[in-house]
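The values are calculated or read from the model by the stated rules, or taken from the named source; none is laboratory data. Quantities reported herein were computed from a predicted structural model and do not represent experimental measurements. Because the Cβ atoms are built from the backbone with ideal geometry, glycine has one as well, and the counts that use them run over all protein chains shown.
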Amino acid sequence: MTFVVVTGGPGAGKSTFIYGLEAAGFRRTEEAGRAIIQDQVAIGGPALPWLDPVLFAEMMLQWELRSHRAAQDEEGPVFFDRGVPDVVGYLRLEGRPVPAHVDAAAKSFRYHHEVFVAPPWPEIFENDAERRQTLEEASLTYDRVTEAYLDYGYSLVELPRLTVRERVGFVLRHLRRA
């Protein structure tokens, strides 16, 4: 399996790390949540987490399914900035039921059995136009998302709080051993 997920709470350095992997020559996907928020704000759309969390989750699910399909045509490993189980974690965080079709997607659209998780990192956490959560909310997101991956049978590998270059080396060494 060459689909490798990087997940965790907001503001823990996931996307920056994934850009580092891209700079090292690896394929990557775009994070669904941030892109959807940017697009919805630009068009005045309703699929925003602070307006309609269920619609936002549906859009994230569709984004992740499309990313999974598109990655099937890529050579070598593809690093995913979140995956389908993140949608499950988000719905749980929001106190919403997980619809049967979301559960089915998390069971069907699979990734490498080891998922890299970025733990909360207060020293680098920042808010921006798309990231409105507090550090506490980001930590709760981390908890719900990692629980979701465990529930779907994945093993978690915590990313150390290191520089991007050191994180890239850590992941590549880990994948070679696996």
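Laid out as a table, the results:
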{"read-out": "Scan of region 1-55 for residues that are in contact with a Gly (Cβ under 6 Å, 6 or more places away or on another chain) and either surrounded by fewer than 16 Cβ atoms within 10 Å (Cβ to Cβ) or at pLDDT 95 or above (or both), ordered by number", "value": "VAL5"}
{"read-out": "Boolean, VAL88 is surrounded by 19 or more Cβ atoms within 10 Å (Cβ to Cβ) and either of a type outside the set (S, T, N, Q) or assigned to a helix (DSSP H, G or I) (or both)", "value": "yes"}
{"read-out": "Boolean, PHE56 is closer than 26 Å to LYS107 by Cβ, in a helix (DSSP H, G or I) and not charged (D, E, K, R)", "value": "yes"}
{"read-out": "Tabulated pairs, region 15-29, first free of Cβ contacts under 8 Å to residues at least 12 places away in the same chain, second surrounded by fewer than 13 Cβ atoms within 10 Å (Cβ to Cβ), C-beta under 9 angstrom, 6+ apart or interchain", "value": "GLY25/GLY76"}
{"read-out": "Boolean, GLU58 is closer than 22 Å to ALA138 by Cβ and at pLDDT 95 or above", "value": "no"}
{"read-out": "Selection status of ALA105, assigned to a helix (DSSP H, G or I) and at pLDDT 95 or above", "value": "yes"}
